[in-house]
1. So what is the calculated 222 nm ellipticity per residue for the chain, using -39500 (n - 2.57) for each DSSP H run with n of 4 or more, over all residues, to the nearest 500 deg cm²/dmol?
2. Say the dipole of the chain comes from +1 at the beta carbon of Lys and Arg and -1 at that of Asp and Glu; which of Ala176, His97, Gly21 then lies farthest toward its positive end?
3. By DSSP, what percent of the beta bridges with both residues in the chain are antiparallel, rounded to the nearest 5?
4. How tilted is helix 213-228 with respect to the longest principal axis of the chain? Cα atoms for both, answer in degrees (0 to 90, nearest 10).
5. Could you calculate the FRET efficiency of Ser37 with Asp214 from 1/(1 + (r/R0)^6), where r is the beta carbon distance between them and R0 is 41 Å, rounded to 0.05?
6. Mind ranking 66-78, 28-40, 49-61 by how tightly packed they are, going by the mean number of other C-beta atoms within 10 angstrom, highest first?
7. For Gln74 and Trp50, calculate 0.36 nm times their separation in residues minus their Cα-Cα distance, and state this gained length in nm to one decimal.
8. Tell me the per residue accessible area of the chain using a 1.4 Å probe; a whole number in Å² is fine.
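The values are calculated or read from the model by the stated rules, or taken from the named source; none is laboratory data. These numbers were taken from a predicted model, which means no experiment stands behind them. Neighbour counts run over all protein chains shown; Cβ positions are idealised from the backbone, glycine included. These area figures cover heavy atoms from the full protein model, side chains too; ligands, DNA and RNA do not enter into them. Shrake-Rupley method; radii C 1.70, N 1.55, O 1.52, S 1.80 Å.
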Amino acid sequence: MIYVYCGRNSEAADALVATLGRAGSRLRNLANIRAESGVVVNWGTTTQAWPRGFTIVNPRVLGNKRLELTRFQQHRVPTLTVSDTYREGWFGRHLMHEDGNDLGADPHNADYWTQPLDIIDEFRVHSFQGTSLGVLKKTPRPGIRAHPTIRSYSHGWTFGYRFDRTLIPPDLRETAHRAVAALGYDFGAVDIGTVRGGGLAVFEVNSAPGIEGDELDAYAEALKTLHSGG
């Protein structure tokens, strides 16, 4: 059995279990496991007390976006320049955030700050144990005026499935795999920007990403293969 564990409500976790069918089961409490072996997929929680006899996918999620950036720097993954003190014109960020919901807030009330970059495009790579399960591109949401620099859903952006695939940088997937490995994860949705003048910058790795369509099917198949030992 493949258990998808997330202690909170999660549409993505529910959808993944539905796609897994008979092979999958949804968990909000680890005490509810009724088997002696199988796979537990940690969907974005910081729990580290796992049941014995199981293969744990993403056993240690950091739960700290500042620490993520530090790990990237330590492993020479291209990323943002960070400051732990206020800097004029830099983005104030919180240690935990979702969909950039802290961007655009009071920059003085922050846990750390990141230097703005001149980003041309932003991509999300779903990376699973060194394999790319899909690439999406940030695009403006239809009918909404998108913010010119803050590319979050609340500021008018979303990840599009249909775009010119020739725009994908050749080293995008490899950079995403390196970012996931730097955090010690098995999988994650890696947000990466292409910087004007050349190069990439990894913004973060999402350990509980929103997934649908082809990516949802790809995650399910990858987990089934892992479970079967293939």
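1. -6500 deg cm²/dmol
2. Value: Gly21.
3. Approximately 70 percent, going by the DSSP bridge assignments.
4. Orientation of helix 213-228: about 40 degrees from the principal axis.
5. Working from the Cβ atoms, E equals 0.85.
6. Going from most to least packed, we get 66-78, 49-61, 28-40.
7. 5.9 nm
8. Solvent-accessible surface per residue comes out at 50 Å².
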